[in-house]
1. Can you pull out every residue in the stretch B:23-43 that is at pLDDT 95 or above and either within 16 Å of A:S30 (Cα to Cα) or outside any helix (DSSP H, G or I) (or both)?
2. Quick check on my filter: what residues within the stretch A:53-97 are within 14 Å of chain B (Cβ to nearest Cβ) and within 16 Å of DNA strand D (Cβ to nearest atom)?
3. Give the residue that is nearest to DNA strand D (Cβ to nearest atom), with candidates limited to residues of the stretch A:34-50 that are surrounded by 12 or more Cβ atoms within 10 Å (Cβ to Cβ), among the hydrophobic types (A, V, I, L, M, F, W, C) and over 21 Å from A:A106 (Cα atoms).
4. So which of B:D64, B:D93 is part of a helix (DSSP H, G or I), away from DNA strand C (no atom under 16 Å from the Cβ) and either of a type in the set (F, W, Y) or under 30 Å from B:C197 (Cα atoms) (or both)?
5. Any residue in the stretch B:42-55 that is within 7 Å of DNA strand C (Cβ to nearest atom) and among the aliphatic types (A, V, I, L, M)?
6. Just need a number here: residues in the stretch A:3-26 that are surrounded by fewer than 18 Cβ atoms within 10 Å (Cβ to Cβ) and in contact (Cβ under 8 Å) with a residue 40 or more places away in the chain.
7. Would you point out the residue of the stretch A:154-198, among those that are free of Cβ contacts under 8 Å to residues at least 40 places away in the same chain and of a type in the set (G, A, S), that is farthest from B:I194 (Cα to Cα)?
8. How many of the residues in the stretch B:98-119 are within 14 Å of chain A (Cβ to nearest Cβ), in a helix (DSSP H, G or I), in contact (Cβ under 8 Å) with a residue 40 or more places away in the chain and not β-branched (V, I, T)?
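The values are calculated or read from the model by the stated rules, or taken from the named source; none is laboratory data. As the structure is a computational prediction, the values presented were derived from the model and not from experiment. Cβ: placed from backbone, ideal geometry, glycine included. Neighbour counts: every protein chain shown.
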Protein chains: 2
Amino acid sequence: MKQERLSTRIRRRAVLEAALDCFAEADVESVSIAEICDRSGASVGSVYHHFGNKEGILLALLSDGLTAHLEALEQALEQAEGHPRACIEALIDSLIQWVEANPRWAQFIYSYLNRSGASSSEPILEINRRYKQIIEQHFEPLIQSGRLRELPTDCWSSLIVAPTHDYARRWLRQQVRHSPSTHQRLFIEAAWRIVQCD
Amino acid sequence: MKQERLSTRIRRRAVLEAALDCFAEADVESVSIAEICDRSGASVGSVYHHFGNKEGILLALLSDGLTAHLEALEQALEQAEGHPRACIEALIDSLIQWVEANPRWAQFIYSYLNRSGASSSEPILEINRRYKQIIEQHFEPLIQSGRLRELPTDCWSSLIVAPTHDYARRWLRQQVRHSPSTHQRLFIEAAWRIVQCD
DNA sequence: ATTGTTCTAGAATTTTATTCTAACTTTTGA
DNA sequence: TCAAAAGTTAGAATAAAATTCTAGAACAAT
């Protein structure tokens, strides 16, 4: 079994951390590799060794972030134990919590996910599949048993979580004053109105 | 009075059109000025004369697109003549119509609006103000008179239009099969559930 | 026609990403 | 324990792209 070196982990972390710092202050494309090197103390060669190219840094950041977020979601859904209302609450609460706990990271992910290239890379596709699977696993039974309204699958996330995402994105960009958690109940209630049976 | 030259308008159009073509095929940052010059027939100097820099092209595209969209919205809202349900329908219908009529443009706008720099430029702020004003002008009276539910202002767009935007964005990226208009009634109904009084 | 302004072309420059090579460090296994 | 292999680092060299610059062409106004 191949053992990862300590120095590798440390260096990667340092670079990703530095990159996140940079991206918090300026647009992704106006941040140069040189700047990331300065902040992280890594050399150009080292950065390219570990990440291949600039895109590689972005992808690593995206992939790690989404994975972390996904795990939080999964855990929250487990605890909801199949109660319809609790599942919806878990979905929205865990999203808000993650964003507020990792604002720089969240901001980066939001700005980066919108690039056409990003969503077609294999690690991201894999995470998307896992996300879908988790959602299905927890909500499909509730829909089948008639405890939640059936909606076209493609529309589900747009109707249920997009409002919270949208607000979070605007909060991170300082376009709105109050944090997402301020309106947590409202977003849950809105999702509930959509998804509850008539 | 300064008269705009014919050649200016034509050249600007040609460049913007070429840029939109390029952006439909590849990511904004992987499209070079040289490519845009080739497609549009303009020289580098000419492009820089008219737009200042690459960002200038993007900003012009964004600004023109949002303005066009805004005008469509304004017109649709006029025709709703203050009927609550009709206003909500106008909001969502005009959005879907515009996206489906201008897919390349819409895709560009969606991908570009998420960059931190974009939203802080003056022309875009101006359009945002106008958008807010139009929404307020048409919905404020309905809320005051108790015919629509009152929601925190900051959350309004997240709850009412974000779901449709989200679905449209995913459709443009070919992540979902059916066009937004397929689910038009659903998105309207969902918005209506949020906004109607109890 | 003349003059000042706007527009165009493309070469020159600058900036930035990426590649490359040689040296250095750590791990492996004999 | 030591030598070979694998992994890591540094920074110079290269490549690719954005931006600037200069001179001249087209145009509008007088």
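1. The answer is B:V31, B:S32, B:G41, B:A42, B:S43.
2. Correct list: A:N53, A:K54, A:E55.
3. If we filter the stretch A:34-50 for residues that are surrounded by 12 or more Cβ atoms within 10 Å (Cβ to Cβ), which is where we start, we get A:35-40, A:42, A:46-50.
Retained after the next criterion (residues that are among the hydrophobic types (A, V, I, L, M, F, W, C)): A:36-37, A:42, A:47.
Applying the additional criterion that residues be over 21 Å from A:A106 (Cα atoms) yields A:37, A:42, A:47.
Values: A:C37: 8, A:A42: 5, A:V47: 8 Å.
By that ranking, first place goes to A:A42.
4. Going through B:D64, B:D93 in turn, the sole match is B:D93.
5. Looking through the stretch B:42-55, at least one residue is within 7 Å of DNA strand C (Cβ to nearest atom) and among the aliphatic types (A, V, I, L, M).
6. 3
7. A:S157
8. 10
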